[in-house]
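The values are calculated or read from the model by the stated rules, or taken from the named source; none is laboratory data. Because the structure is predicted, anything quoted here is derived from the model rather than measured. A quick note on method: Cβ atoms are made from the backbone with ideal geometry, for glycine too, and the neighbour counts reach across all protein chains shown.
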Amino acid sequence: MDSMNLTVELPEQALASVFALTGHVLQPLSLTLEQLRSYDSMLAAPFDLRCFTTNRYIRRVGRYRGVSLTALIKQACLRNDSPGDFKRMVFVAAAQDGYAVTFSWHELFNTPVGESALIAYECDGEPLSAEDGAPILFSGADIMAAPRHVKRLKRIDVQLLRPL
């Protein structure tokens, strides 16, 4: 057996529970669910999850506990190579299955949206696992929660829009 060619494959559940914050930042982050649980937490109010296009009731979602999205972004330190670059930044959040949603810097740092956007690791006092869809991105200030309710969050990539 050639020990130099051995590879260790992580179980899919382990890979699914890793979240990364990458892109136009000085200190990219890669965090497991356990690491997310070590941060200061915030709570979201329970809500009804409804289809955005039909308003069909999907299910009741309990009280999420998680880490403030803006706190994680601040920890990663946005690159501001030119004055005002931060105002042209967008945050693209992608799930394991490719589903993606966006936030703008203005939404997160200049409106109530940022005060209630979180990466959830617990619901109604019970830890969420990868099988439950954790980590989950949730934007508590949205009128309709479903479009930015992202289960199995894989990555948030910070992108700088160029001027038109």
> What are the pairs, 6+ residues apart or on separate chains, where a residue within the range 100-113 that is surrounded by fewer than 20 Cβ atoms within 10 Å (Cβ to Cβ) and at pLDDT 95 or above has its Cβ under 8 Å from a residue that is part of a strand (DSSP E or B) and β-branched (Val, Ile, Thr)?
Replying inline: 100/92; 101/92; 101/150; 102/90; 102/92; 104/90
> Out of all the residues in the range 116-141, which are over 28 Å from residue 54 (Cβ atoms), under 15 Å from the mean Cα position of the chain (by Cα) and not hydroxyl-bearing (Ser, Thr, Tyr)?
Replying inline: 122, 130
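Condition first: of a type in the set (S, T, N, Q), within 14 Å of residue 139 (Cβ to Cβ) and in contact with a helix residue (DSSP H, G or I) (Cβ under 7 Å, 6 or more places away or on another chain). Now tell me which residues in the range 39-80 satisfy that.
We begin by selecting, within the range 39-80, every residue of a type in the set (S, T, N, Q); these are 41, 53-55, 68, 70, 75, 80.
Still in the list and also within 14 Å of residue 139 (Cβ to Cβ): 68, 70.
70 - this is the single residue of the range 39-80 that is of a type in the set (S, T, N, Q), within 14 Å of residue 139 (Cβ to Cβ) and in contact with a helix residue (DSSP H, G or I) (Cβ under 7 Å, 6 or more places away or on another chain).
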>> Among (1) crowded, with 20+ Cβ neighbours inside 10 Å; (2) more than 12 Å from the chain's Cα centre (by Cα); (3) not in a strand (DSSP E or B), there is one condition residue 144 misses while meeting the rest; what is its number?
In response: (1)
> Of the residues 95, 76, which is surrounded by 16 or more Cβ atoms within 10 Å (Cβ to Cβ) and either acidic (Asp, Glu) or in contact (Cβ under 8 Å) with a residue 60 or more places away in the chain (or both)?
Replying inline: 76
> Considering the range 79-91 alone, what residues qualify as being charged (D, E, K, R) and either closer than 15 Å to residue 106 by Cβ or in contact (Cβ under 8 Å) with a residue 40 or more places away in the chain (or both)?
Replying inline: 79, 85, 87, 88
> Any idea which residue in the range 1-32 is farthest from residue 149 (Cα to Cα), counting only those that are modelled with pLDDT of 95 or more and of a type in the set (A, V, I, L, M)?
Replying inline: 26
> Which residues, counting only those in the range 50-77, are small (Gly, Ala, Ser) and either at pLDDT below 95 or touching a Pro at 6+ places or on another chain (Cβ under 9 Å) (or both)?
Replying inline: 62, 66, 76
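Would you confirm, using the coordinates I've provided, whether residue 157 is surrounded by 15 or more Cβ atoms within 10 Å (Cβ to Cβ), of a type in the set (Asp, Glu) and part of a loop (DSSP other than H, G, I, E, B)? So that I can check it myself, show each step before the final result.
Details: surrounded by 15 or more Cβ atoms within 10 Å (Cβ to Cβ): yes; of a type in the set (Asp, Glu): yes; part of a loop (DSSP other than H, G, I, E, B): no.
No; evaluated as a whole, the condition is false for this residue.
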> In the range 44-61, what residues are of a type in the set (Val, Ile, Thr), part of a strand (DSSP E or B) and more than 29 Å from residue 22 (Cα to Cα)?
Replying inline: 58
> What pairs can you find where one residue is in the range 117-140 and free of Cβ contacts under 8 Å to residues at least 60 places away in the same chain, the other is in a strand (DSSP E or B) and of a type in the set (A, V, I, L, M, F, W, C), and their Cβ atoms are less than 8 Å apart, with a gap of 6+ or different chains?
Replying inline: 117/103; 117/137; 117/138; 132/123; 139/103; 139/117
